[in-house]
Amino acid sequence: MRAVSYDSYAEDNSRLTVGEVNDPKLGPSQVLIEVRAAAVNPVDWKIMRGGLDGMMMTVFPVIPGWDVAGVVHALGPDVPEFSVGDEVMAYARKDVVHAGTFAELVAVSAVAVARKPAALDWPQAGGLPLAGLTALRTLDRLGVVSSDTVLIHGAAGGVGSMAVQIAHGRGARVLGTASAGNHARLRELGAEPIAYGEGLADRVLELAPGGVTAVADFVGGQLQSTLAVLAAAGRHASVADPAVEDHRGAWIWVRPDGAKLAELADLCDRAALTVDLAGTFGLEDVGTAFDLSKAAHTRGKLVIVP
Ligand SMILES: NC(=O)c1ccc[n+]([C@@H]2O[C@H](COP(=O)([O-])OP(=O)(O)OC[C@H]3O[C@@H](n4cnc5c(N)ncnc54)[C@H](OP(=O)(O)O)[C@@H]3O)[C@@H](O)[C@H]2O)c1
């Protein structure tokens, strides 16, 4: 099969190549998926820089990519819940960084797989799993319900834009930070937009004078403003700043979960959740997509279509 790979850590894209590699082996409880779409996430280039080396085992060469949507090509002997030809998606992170999704085929544990929602096209479905599961897990850990006023740092990003929609769908009041160019889209998704940067806490307290009951940080480095706007007994969580744990916040590291992914698919099919796309790229253009992701100002998902 054709795949993108790199054979050592690198700060830039110089070790990325595209070429023929062996097809993946299919384990007994795995699903072999023909990849139709696979989103780029910031974690992909952070891993390539060696940023997760202290945490996760890496075996070179690495095929990057943790998101996938595609068609079931073959099944291990213990996977009765899927059939060849099913349209599926998965957050395909494994415990060892090695055989990712920027390829024509990927083998994924069946427990991580869910059916593709009919409401999404292939690139949208390839952009849903990691970001959607992160948004859902964060809001679940915070226990966000209709009586909450939630501040979302990074509301226009891949994770943030899904969190806005899910929290809004639960009936919560949602305040979301983004630059001015993204404010109109945030309103459409269900949030009251706020500019980030200097003076953020004052702007939040102007809109919610008693403070907010929950804060979800999808940017990092937001602890000071988070603590300044939290109401008494407010809850907060971050996916990008472990320091929240020193201030009674939850540090979230999302895990693959096919059942939760099916919940997200259901929200999509009920028109309560959609996935914005920033662009699609071939396998040869993974480096271009990495550079756009590093710049951190894309609205919507960058998706590889092999
Ligand atoms: N721990 C986990 O399990 C986990 C899972 C997923 C993601 N993450 C992390 O979460 C972060 C976000 O991921 P993502 O996929 O959502 O990234 P993304 O889509 O690349 O985020 C881009 C967005 O960030 C916004 N942004 C940049 N600086 C900002 C700031 N200071 N305040 C508010 N918004 C800002 C940009 O909005 P503007 O263009 O309007 O500036 C843009 O919409 C990354 O650090 C990622 O590694 C962690």
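Annotations for the structure displayed:
- For region 1-47, residues that are outside any loop (DSSP other than H, G, I, E, B) and either open to solvent by 40 Å² or more (accessible area, probe 1.4 Å) or over 27 Å from VAL71 (Cα atoms) (or both) total 9.
- Subset of region 114-173 [away from the ligand (no atom under 13 Å from the Cβ), part of a loop (DSSP other than H, G, I, E, B) and among the aliphatic types (A, V, I, L, M)]: ALA118, ALA119, LEU120, VAL144, VAL145, ALA172
- Scanning region 193-224 for residues that are closer than 21 Å to SER146 by Cβ, within 22 Å of the chain's Cα centre (by Cα) and more than 12 Å from the ligand (Cβ to nearest atom) returns ALA214, VAL215.
- Of all residues in region 203-219 being of a type in the set (A, V, I, L, M) and closer than 22 Å to ALA240 by Cα, the one that is most open to solvent (accessible area, probe 1.4 Å): VAL219
- Checklist (1) within 11 Å of the ligand (Cβ to nearest atom); (2) in contact with a strand residue (DSSP E or B) (Cβ under 9 Å, 6 or more places away or on another chain) applied to TRP253, failing item: (2)
- Elements of type strands (runs of 3 or more DSSP E) in region 211-306, at least 3 residues being β-branched (Val, Ile, Thr) and in contact (Cβ under 8 Å) with a residue 60 or more places away in the chain: 212-217
- Filter pass, THR274 being surrounded by 14 or more Cβ atoms within 10 Å (Cβ to Cβ), out of contact with any helix residue (DSSP H, G or I) (no Cβ under 9 Å at 6 or more places or on another chain) and β-branched (Val, Ile, Thr): no
- Selection status of ARG248, open to solvent by 70 Å² or more (accessible area, probe 1.4 Å) and away from the ligand (no atom under 11 Å from the Cβ): yes
The values are calculated or read from the model by the stated rules, or taken from the named source; none is laboratory data. Because the structure is predicted, anything quoted here is derived from the model rather than measured. FYI the Cβ positions are ideal-geometry reconstructions off the backbone, even for glycines, and counts take in every protein chain you see. Quick note on the areas: whole protein, heavy atoms, side chains included, nothing else; ligands and nucleic acids left out. Shrake-Rupley method; radii C 1.70, N 1.55, O 1.52, S 1.80 Å.
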